[in-house]
1. I'm trying to understand the selection: among the residues of region 102-140, which are touching a strand residue (DSSP E or B) at 6+ places or on another chain (Cβ under 8 Å) and basic (Lys, Arg)?
2. Are any of the residues in region 96-107 under 15 Å from the mean Cα position of the chain (by Cα), modelled with pLDDT of 85 or more and of a type outside the set (Asp, Glu)?
3. Which count do you get for residues in region 38-92 that are of a type in the set (A, V, I, L, M) and modelled with pLDDT under 85?
4. Please go through region 118-136 and give me each residue that is surrounded by fewer than 16 Cβ atoms within 10 Å (Cβ to Cβ) and either of a type in the set (Val, Ile, Thr) or at pLDDT 90 or above (or both), ordered by number.
5. Filter region 8-35 for residues that are in a loop (DSSP other than H, G, I, E, B) and more than 22 Å from LEU114 (Cα to Cα); which is modelled with the lowest pLDDT?
Amino acid sequence: MTESTMKIPPEKKLFALGQIVHTLGALNAFVAELEAADDLPPLGHPIRPEGDEDADFATRILAQVEMQKYISRHVQGDWSEMDAQDVKTNQEATPEDPSEPGWGMGRVFSAYHLPYTKAKVWIITEADRSATTVLMPDEY
């Protein structure tokens, strides 16, 4: 898993994210999403770090930027494609008033389908808020 360095304005956050990590499968899903999108500007010449033979480095960076948009939605309470029970569980884990019982307790779970490839990604923030992970359902 890879650590990310995302910054979201504190007034927009419903809960702490902890360390943000993503799996290789999730990164590859976002790379595939970028490759499937036909309305993106050309990336120019690929830049590869030493030893990286799998995907061009610029595409991976853009994929991480795209991933950050979904993490931002997650932390702001846009849990997208969750059923009513999961939404209720997320709401109970993230009451608006930090003095309410249960604030900061329980994991927060979001699911999103990427628009071009229709790949499904999950974002899960641990109950203790130590980490938020972006992953594919089959990596759980």
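The values are calculated or read from the model by the stated rules, or taken from the named source; none is laboratory data. This structure is a prediction, so every number in the text was calculated from the model and none was measured. Here Cβ is always computed from backbone atoms with ideal geometry, including for glycine, and neighbour counts include all displayed protein chains.
1. Quick first cut of region 102-140, residues touching a strand residue (DSSP E or B) at 6+ places or on another chain (Cβ under 8 Å) only: 107-114, 119-126, 130-137, 140.
Once the filter is applied, which keeps residues that are touching a strand residue (DSSP E or B) at 6+ places or on another chain (Cβ under 8 Å) and basic (Lys, Arg), region 102-140 yields ARG107, LYS120.
2. Taking region 96-107 first, the residues under 15 Å from the mean Cα position of the chain (by Cα) are 107.
With the extra rule that they be modelled with pLDDT of 85 or more, the set shrinks to 107.
Then keep just the ones that are of a type outside the set (Asp, Glu); that gives 107.
Checked region 96-107: at least one residue is under 15 Å from the mean Cα position of the chain (by Cα), modelled with pLDDT of 85 or more and of a type outside the set (Asp, Glu).
3. 9
4. Matches in region 118-136: LYS118, LYS120.
5. Step one: filter region 8-35 for residues in a loop (DSSP other than H, G, I, E, B), giving 8-9, 13-18, 23.
Subsequent filtering for residues that are more than 22 Å from LEU114 (Cα to Cα) retains 9, 13-16, 18.
On the way: PRO9: 50, LYS13: 63, LEU14: 68, PHE15: 72, ALA16: 74, GLY18: 80.
Within region 8-35, the match that is modelled with the lowest pLDDT is PRO9.
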